[in-house]
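Novice: There's a structure below that I have some questions on.
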Amino acid sequence: MRRFVQLIVCGLGLLFFLFVKPIVNYVKNFAGFENWESSIIIPQRENFIIALVAWLLIIFLRKGKRIFLKQYDLSAEDNLDARKMYTQINLLEKIIIFFIVLFAAGFILLSFDGIKKIGYGIFASAGLAGIIIGLSAQKVVGALLAGIQIAITQPFRIDDAVVVENEWGWIEEINLTYVVIRLWDKRRLVLPSNYFLEKPFQNWTRTSANIIGSVFIHTDYTVSFEAMREELDRILEHTDLWNKEVKVLQVTDAKEHSVEIRILVSAKNSPTAWDLRVHVREKMIEFLQKNYPESLPKTRILLDDKTKPDTKLDE
């Protein structure tokens with residue numbers, strides 16, 4: 001019942017204002033009131049109807065969106081289609097609501113003689129391209145147009161894993177003028193929409209929720225790489241974090257004191273990939289500590305022990 005409260009209130013209000021004249025006449029004749037025509041109800045009847053129709057359209061739009069999105073599950077492992085649809089529908093909803101409110105406000109303002117010019121001005125700015133009114137409005141209009149462009153091109157979607165401003169997180173909200181990113185430590189990073197059209201950022205899940213994580217380990221030259229590969233196989237086979245797609249151990253650099261080993265592993269999504277990287281790093285270090293402690297990074301100092309010649313002491 002709670003879900004239909006707004007719809008019921010809006011419907012009753014619309015019915016009241018559609019039949020307000022006979023209702024007022026009946027109440028006037030029944031109660032003896034003579035000045036009901038001069039009250040705000042009758043003169044502003046059309047404006048109330050416009051506002052209620054706009055509210056009704058917004059209610060139907062939101063309910064239709066919820067019904068349509070029920071067939072898409074964001075919690076699924078492969079949720080690329082769901083994230084794409086959620087992003088498009090949510091932004092499309094915001095754009096339509098914006099124009100519904102804009103036109104409703106314009107129609108209401110046109111009913112007042114003193115401020116008809118404002119109403120005409122609102123209609124003049126209702127085009128998709130928009131009109132920049134004054135230098136102070138340029139950034140707002142630019143952010144609005146950027147939000148519409150993001151809805152069309154979709155450089156990122158709801159729940160995409162991104163790296164922005166050296167912060168890693170997930171796209172939580174995409175609004176017309178700003179985007180909210182949920183960071184890994186539960187903070188929220190709020191950026192204007194045009195930021196993503198002007199500056200580079202990383203999108204880790206643009207084409208798929210699957211992601212490859214890397215682990216770097218530095219060891220001494222004496223380590224056994226084959227033994228490390230066997231240990232990596234054993235670690236991955238005993239964890240549910242790995243999705244059994246990517247498993248690579250390579251020596252990627254050789255420096256004067258140590259060698260750099262890179263491990264690549266894949267997971268179903270970015271949070272799982274993070275946990276898998278941490279797990280693999282910890283287990284590989286434990287393996288080296290227990291089985292190859294002499295192969296941990298070290299600094300060598302070679303002492304050349306030269307025998308001094310014997311000297312005879314004078315008697």
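The values are calculated or read from the model by the stated rules, or taken from the named source; none is laboratory data. If you're wondering where the values come from, they're calculated on a predicted model, not measured in any experiment. Don't worry about glycine lacking a Cβ; one is built from the backbone with ideal geometry, like all the others, and counts go over all protein chains shown. For accessibility, only protein heavy atoms count, side chains too; no ligands or nucleic acids. Shrake-Rupley method; radii C 1.70, N 1.55, O 1.52, S 1.80 Å.
Novice: If the limit is 19 Å between Cα atoms, which of 247/298; 63/94; 65/94 go over it?
Specialist: Details: 247/298 28 Å; 63/94 14 Å; 65/94 11 Å.
In this structure, 247/298 exceed 19 Å between Cα atoms.
Novice: Modelled label-to-label distance, residue 264 and residue 59, 7 Å Cα→beta-carbon offset: nm?
Specialist: 5.6
Novice: Separation between the residue 103 and residue 166 pseudo-spin-labels, each 7 Å from Cα along Cα→Cβ, expressed in nm?
Specialist: Going from the residue 103 label point to the residue 166 one covers 4.8 nm.
Novice: Quick query: amide H of residue 247 versus all other amide H atoms, modeled in the peptide plane; which residues come in under 5 Å with a sequence gap of 5 or more or a different chain?
Specialist: none
Novice: For a quick check: with amide H placed at 1.01 Å from N, whose amide H comes under 5 Å from residue 158's, ignoring anything fewer than 5 positions away on the same chain?
Specialist: 87
Novice: Might you tell me the accessible area per residue for the range 171-298, computed with a 1.4 Å probe and given in Å²? It would help to have the intermediate numbers written out before the result.
Specialist: Values: 7110 Å² over 128 residues.
Ligands and nucleic acids excluded, the result is 56 Å² per residue.
Novice: I'd like the FRET efficiency for residue 296 and residue 245, computed as 1/(1 + (r/R0)^6) with the beta carbon distance as r and R0 of 30 Å, rounded to 0.05.
Specialist: Numbers: r = 31 Å, r/R0 = 1.02.
Here the calculated transfer efficiency is 0.45.
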